[in-house]
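These notes are about the structure you will find just below.
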Amino acid sequence: MIFQRALQRELASTAGAVFTALFTISITWMLIKILGEAAGGRVASSDVIALIGFKALNYLPILLILTTFISVLMVVTRSYQDSEMVVWFASGLSLSQWIRPIVMFGLPIVVVTAVLTFVVTPWANQKSAEFINRFQNREDIAKVSPGKFQESASVNRIFFVEGMNGDAGRVQNVFVNTIQNGRTTVVVAKEGSIETDNHGDKFLIMYQGRRYEGQPNQADFQMMEFERYKVLIGKQTQVTSNEKSAKALPTTTLLALGGNSNMGELLWRIGQPLMCMLLMILAIPLGFVNPRSGRSANVIIALLLSISYFNLISVMQGGVMNGRFAFAMAWWPLHLSAAVMIFLLFLWRLNVNHRYHPLVLWNMLKRACLIKRSAAQ
């Protein structure tokens, strides 16, 4: 009982440090990425904080999986490195007795990972898509902040407005610079508004302004004044904004709709809590190190195995989404293989003196080689 409480305290402190480091790195990376998108005009600057929150919820299950795996690996490795395992084994205790306290520690994290994966993450993806679509579906002129130059979605037009009325579709003191077919056109107007015709095309209507086309020093330079001028800023698209990706659909909807994309997403959601539990237990035998040598090799092997596990699940997900694999035959083999690997590694660590143990066989082979070499001499 004392051992279990001490182990869980150490696991909790290690997990807190690991999660803080991973979360800080992830938030910094997401902040840089989303700020870059906001600067490029792909998302609204006012939505940056909300989008970071939604992205953090989306990556939280993976962070929790890595936190439990790395925490258990570090604690078990430290116990070997500090020769605590020598005392443990000398007391007649087995490595398998580590499973129960570690599972008790990690079970709440597995439950939280399942809730995040099946409920919270789809909601966060849905809200994030709504924020992005709401901004992308706005007219180019409505995306412009007063006093700031803004590039259009077609990249050939730059807008500048000095101010806005109460309606976001009506602006004052408009500047529009367009480059088309190698010619530059500049339009300035006192006021502008957005109109949509019967075909769904959007136009910027400008009033009381001037239009300049060409280079001022060239013979074909043109200048004209107008009372009303219309500029096409958006064509009717056939893709509806109400379409949702599989990542944004609730789990019940995935089951109801079916389809390759939805089943591939369901495979990924099922795999995350299972991966959290299996990697946590797998870290126990993988944490073995020789106290007389370094522990870098074992840690690198453990991290490579976890990365391979993630990538193989992604491969199976892609196979289901592309129709190469059936969902019923794709969601369980990797997890079963991981469970078999855990069983074999525990057998390896528990039966070190067994005659068929790899280390025993290796020592026998070395002795045979030495005997043969001495006999030859």
Karplus ³J(HN,Hα) for region 116-129 (6.51 cos²θ - 1.76 cosθ + 1.60, θ = phi - 60°; Hz, whole; x = Gly/Pro) runs 4, 5, 7, 10, 6, 4, x, 5, 5, 5, 5, 5, 4, 5
Give 33/247; 127/247; 127/202; 55/247; 33/55 a once-over and call out the pairs whose C-alpha atoms are over 18 Å from each other. 33/247; 127/202
Pop the C-beta distance of residue 24 and residue 90 into the FRET formula with R0 = 51 Å and round what comes out to the nearest 0.05. 0.80
In order through region 82-88: 3J(HN,Hα) via Karplus (6.51 cos²θ - 1.76 cosθ + 1.60), integer Hz, x for Gly, Pro: 8, 6, 5, 5, 4, 5, 4
Excluding residue 316 itself, what net charge comes from residues whose Cβ is under 15 Å from its Cβ, given Lys and Arg +1 and Asp and Glu -1? +1
Counting other Cβ atoms within 10 Å of each Cβ, which trypsin sites (Lys or Arg not before Pro) in region 264-349 have at most 12 and sit in a DSSP loop? 292, 324
Computed label-point distance, nm, for sites residue 191 and residue 97 using a 7 Å Cα→Cβ extension: 8.6 nm
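None of the figures in this text is laboratory data; all of them are computed from the coordinates on show. Note that the structure is a prediction, hence the values are computed from the model and not measured. Cβ coordinates were reconstructed from backbone atoms using ideal geometry, including for glycine residues, and neighbour counts include every protein chain displayed.
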